[in-house]
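The values are calculated or read from the model by the stated rules, or taken from the named source; none is laboratory data. All figures in this text were calculated on a predicted structure; none of them were measured in a lab. So basically every Cβ, Gly included, is an ideal-geometry build from the backbone, and we count neighbours across all protein chains shown.
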Amino acid sequence: MSYSPEQFGTKYETALNKIASLYQKTINSNNTQEQLLIAIGKINFKELFETQLGFKSEIDKVGQSYIDALRAMDGFADVDETTLRALVETDLNVYRSKFDNTYVQMKSLFTESIINGLPREVFVDRLTKGQLGVLSKSQATALFNDSMAKFNRAVTKQMALNSPKNKLYIFTGPRDTRTSNECLQVMASGPMTLDQISSRFPGVFESGTHYNCRHEFRPFTSKDMYKKQELEKQFDKRNLEQVFRLDGN
């Protein structure tokens, strides 16, 4: 079974809980505030979180997930290895940047909480709610999920660029109460060429319609992939105006 966003989020939450325990231990010590602040200033929170608390192994699993994603993809055109490596590294750099910022904000939160004498429950609330620059469990899960989805779309886009211009693609994914109106509009447009997609929905092929989008373009290989009647019902339920006709024009 491949590594999942839920597994990643759970491991991240476990590490956050250990940070909370460390804070409790810190405020229960007999050290003065000055001594505590000096000690905290010497802590490398990235090293603490990733090495001492073991989160680096989870980040390594994220890197492996990109390789697993490539193996699981249905290839319909070649993409050179240099491009694939660049796509992986670009994604991982964004990922690392998010967590590096989390470690900086975590240290700031720890320091400010000591200075203000905050009790453990207040510290934990600020640590885990994702409002002060430290990623929450749900935000960490969403980051992994969104990053992998964008990577899959980016690789598919490269394959599309190396395919015949008349090849058709269709926006696929769940059609439920969580599906955004924007995603429904793109799905309702039916099969389109890459040029048509780029003209009508710029950036959607590689990024989706919004953060943590669950949909992606895939090669149109069967008429069954275009659920015209189901989409029409969704439009009726939501009283949406069809920006593009359901025949894709």
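What do you reckon, is Gln24 modelled with pLDDT of 95 or more and closer than 21 Å to Leu109 by Cα?
Working: modelled with pLDDT of 95 or more: yes; closer than 21 Å to Leu109 by Cα: yes.
For Gln24, the condition - modelled with pLDDT of 95 or more and closer than 21 Å to Leu109 by Cα - is met.
Can you tell me which condition Ala39 does not meet? The list is (1) in contact (Cβ under 8 Å) with a residue 24 or more places away in the chain; (2) in a helix (DSSP H, G or I), and all the others hold.
Checking Ala39 against (1) in contact (Cβ under 8 Å) with a residue 24 or more places away in the chain; (2) in a helix (DSSP H, G or I), the one that fails is (1).
So for region 236-245 (the condition being among the β-branched types (Val, Ile, Thr) and at pLDDT 90 or above), does at least one residue qualify?
No: region 236-245 contains no residue that is among the β-branched types (Val, Ile, Thr) and at pLDDT 90 or above.
Those residues that are crowded, with 18+ Cβ neighbours inside 10 Å, aliphatic (A, V, I, L, M) and not in a loop (DSSP other than H, G, I, E, B), I need them from region 129-151; list them, please.
Ala140, Leu143, Met148, Ala149
Suppose the filter is surrounded by 12 or more Cβ atoms within 10 Å (Cβ to Cβ) and charged (D, E, K, R); does Lys42 pass it?
no
Filter region 103-116 for residues that are more than 18 Å from Thr14 (Cα to Cα), out of contact with any Ser or Thr (no Cβ under 8 Å at 6 or more places or on another chain) and in contact (Cβ under 8 Å) with a residue 60 or more places away in the chain and give the result.
Matches in region 103-116: Thr111, Ser113, Ile115.
Quick check on my filter: what residues within region 169-205 are under 24 Å from Asp80 (Cβ atoms) and of a type in the set (A, V, I, L, M)?
To start, the set of residues in region 169-205 that are under 24 Å from Asp80 (Cβ atoms) comprises 169, 193-195, 197-198, 203, 205.
Passing the criteria: Leu194, Ile197.
Taking the conditions exactly as written (in contact with a helix residue (DSSP H, G or I) (Cβ under 8 Å, 6 or more places away or on another chain), of a type in the set (Gly, Ala, Ser) and in a helix (DSSP H, G or I)), does Ala154 satisfy them or not?
yes
For region 58-71, does any single residue satisfy the condition of being among the aliphatic types (A, V, I, L, M), surrounded by 14 or more Cβ atoms within 10 Å (Cβ to Cβ) and farther than 27 Å from Thr14 by Cα?
Scanning region 58-71, I find at least one residue that is among the aliphatic types (A, V, I, L, M), surrounded by 14 or more Cβ atoms within 10 Å (Cβ to Cβ) and farther than 27 Å from Thr14 by Cα, so the answer is yes.
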